[in-house]
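Read the structure below first, then the notes.
The values are calculated or read from the model by the stated rules, or taken from the named source; none is laboratory data. Because the structure is predicted, anything quoted here is derived from the model rather than measured. Please note: Cβ atoms are built from the backbone with ideal geometry, for glycine as well, and neighbour counts cover all protein chains shown. The area values use the complete protein model at the heavy-atom level, side chains included, leaving out ligands, DNA and RNA. Shrake-Rupley method; radii C 1.70, N 1.55, O 1.52, S 1.80 Å.
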Amino acid sequence: MSAIVIDGKQVAAKVRAEVAAGVAELSDGGGNAPGLATVLIGNDPASEVYVRNKRRACVAAGMTDLHRHLPENTDHAQAAALIDELAADPLVSGILLQLPTPPYIRSHELLSMIPHRKDVDGLTPVNAGYLAQGVSSGLRPCTPSGVMMLLDHYGIELEGAEAVVVGRSSLVGKPMAHLLLERNATVTVCHSRTIDLVAVCRRADVLVVAAGIPGLIGADAVKPGAAVIDVGIHRGKEGLVGDVDAQSVIDLAGHLTPVPGGVGPMTIAMLLSNTLTAAVRQQAPEEGPVLNRLTGRAAVPHPNEEMK
Ligand code: ADP
């Protein structure tokens, strides 16, 4: 039987429409439209495309595009000064530092300067720490949050499920593992030193692949009926391909995300959702219906947490 193909475009469109409605509600209630400051340093063509797509989606959702571009020869101090400026600006709800930055920029230092309440990528040490500690009110990384939304949308059971994450990056693998753990899955994380990747993956009811290697996962690594989520995206001779060899897996998996049109569209949708959440919290710290609907949880600060 052929897998159910997960339609990321459709789920992302739903999230984006909900965000647009939330933005309108915020503005109609006398608040400011959320402002997203994407920060691009240098002229990496792929990063330029990603940033352009984020800015377009932000405007389409009714948000204010506060993009900043620093030229290729910008030094670290100048980049740090920009982050400080955006951190202090009340019209900036969210700051997104586009990665990778040029080699002479210390991106980790810049990330840690972003106030956690404006960290719409969920990559600052504070938000990564909240996620690792299971504190629900921090902003979470967009791609793994998008994967969770897809799994939920398709009713894929996580409680007690065997979940295997391939990849341990700070951007995808590690936060993904924490999110699955939070939902009571039994989580295993594989990486480049895993001895028998195929055997571990074959245990998975839910297999999330984010290794950055085209076609890494084939039929031998998939348990029949598993939900297979492919985070990889590569430009091959025959168009875009993922980390999963979709052709060999399609008749085996229970669910499969296509590339493109699976996880990809969710990343920007969750960025918009985080930006709205950040704006609502900054403007109405007492919480409101918009925020509760967005996050699906009352964002009561954790006792150990300073939401300043
Ligand atoms: P991403 O941006 O998708 O998170 P990265 O390139 O930052 O991707 O990280 C790739 C991750 O994939 C690393 O954690 C690495 O250990 C893992 N990985 C690379 N090769 C393999 C492999 N052959 N088997 C399993 N995991 C791998």
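Quick one: ranking Glu48, Glu238 by accessible area, 1.4 Å probe, largest first, what do you get?
Details: Glu48 60, Glu238 180 Å².
Descending order: Glu238, Glu48.
For a test of the definition: using alpha carbon positions, the gyration tensor, and the 1.5 limit on a/c, classify region 22-95 as rounded, prolate or oblate. In terms of gyration-tensor shape, oblate. Relative to the longest principal axis of the Cα atoms of the chain, the long axis of helix 264-283 lies at roughly 30 degrees. Calculate how steeply helix 76-88 sits against the longest principal axis of the alpha-carbon atoms of the chain, using the helix alpha-carbon long axis, and give the answer as 0 to 90 degrees to the nearest 10. Helix 76-88 sits roughly 70 degrees off the main axis of the chain.
For the chain, the longest principal axis of the C-alpha atoms and the axis of helix 45-60 are separated by about 70°.
Calculated on the Cα set of the chain, radius of gyration then Dmax: 19.2, 57 Å. Distance from the alpha carbon centroid of region 138-177 to that of region 1-35 works out to 19 angstrom. For region 155-281, just say rounded, prolate or oblate: build the C-alpha gyration tensor, square-root its eigenvalues into a ≥ b ≥ c, call rounded for a/c under 1.5, and beyond that prolate if a/b exceeds b/c, oblate if not. Oblate, because a/c is 1.5 or more while a/b does not exceed b/c.
Taking only DSSP H segments of four or more residues, each worth -39500 (n - 2.57), what value at 222 nm results for the chain once the sum is divided by all its residues, to the nearest 500 deg cm²/dmol?
Values: 11 runs with 124 residues, N = 308.
So the calculated ellipticity at 222 nm is -12500 deg cm²/dmol.
Whole-percent P(r), region 1-158, all Cα pairs, 5 Å bins from 0: 2, 8, 15, 18, 20, 16, 11, 6, 2, 1, 0, 0.
Working from Cα pairs under 8 Å separated by at least six residues, relative contact order for region 46-144 is 20 percent. For region 78-208, the pair-distance distribution built from all alpha carbon pairs, in bins 10 Å wide starting at 0, is 12, 37, 30, 16, 5, 0 percent.
If you count Lys pairs in the chain whose Cα atoms are under 23 Å apart, skipping same-chain pairs closer than 8 places in sequence, the total is 6.
A quarter of the convex hull surface defined by the alpha-carbon atoms of region 103-151 gives 4.0 nm² as the mean projection. The overall shape of region 46-138, judged from the alpha-carbon gyration tensor, is oblate: a/c is not under 1.5, and a/b is no greater than b/c.
Excluding ligands, DNA and RNA, what is the solvent-accessible area per residue of region 20-68 at a probe of 1.4 Å, expressed in Å²?
Numbers: 2210 Å² over 49 residues.
On a per-residue basis, 45 Å².
Relative contact order of the chain, taken over Cα pairs closer than 8 Å and 6 or more residues apart, is 22 percent. Counting only protein heavy atoms and a 1.4 Å probe, region 93-190 has 38 square angstrom of accessible area per residue.
In debye to the nearest 20, how big a dipole does the chain give about its Cα centre with +1 on each Lys and Arg Cβ and -1 on each Asp and Glu Cβ?
Working: 25 positive and 32 negative charges, 30 e Å.
Here the chain has a charge dipole of around 140 debye.
Quick one: with all protein chains in place, what share of the accessible area of the chain is carbon or sulfur, to the nearest percent (1.4 Å probe)? On the chain, the fraction of accessible area on carbon and sulfur atoms equals 55 percent.
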